[in-house]
1. Mind sorting 16, 77 by how few other Cβ atoms lie within 10 Å of their own Cβ, fewest first?
2. Suppose the chain between residue 42 and residue 80 were pulled fully straight at 0.36 nm per residue; how much longer would it get relative to their current alpha carbon spacing?
């Protein structure tokens with residue numbers, strides 16, 4: 001996460017999981033419990049957990065290699081201004097945001113793109129960052145306290 005003086009971390013934590021859908025629930029519990037610890041309501045914790053689930057399903061579905069040593073890293077941070085920041089590191093194939101088509105409820109062929117619409121609407125900030133040989137970084141921010 002880009003650091004600035006307003007993003008002072010109250011606490012942070014990290015988990016690594018394999019590219020296997022059986023680990024998604026573990027990652028969701030990790031994120032949800034940390035969100036609750038940070039002061040999120042039960043519903044907000046569930047929404048943040050859903051954000052992570054949708055991203056992980058996308059990442060794991062596009063990852064073709066079955067190397068056991070490969071992992072996805074999830075970094076969680078809560079800032080003093082009650083913002084949850086999550087980074088998901090992915091070493092899988094490139095993510096081309098411009099190639100993700102828009103979800104259209106009238107077009108059943110766009111169903112696969114529903115995840116992207118969902119994460120954009122549930123988060124306050126959602127970006128893909130190309131890290132070259134280090135893979136991709138997904139950054140998610142969610143304000144727990146609505147802006148005034």
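Any read-out appearing in this document is the output of simple, stated calculations on the displayed coordinates, not a laboratory observation. Since we're looking at a predicted model, the values are computed, not measured. Neighbour counts are summed over all protein chains in view; Cβ atoms, including those assigned to glycine, are modelled from backbone coordinates with ideal geometry.
1. So the residues, fewest neighbours to most, are 16, 77.
2. On the way: separation 38, 0.36 × 38 = 13.68 nm, distance 1.97 nm.
That pair, residue 42 and residue 80, stretches by 11.7 nm at full extension.
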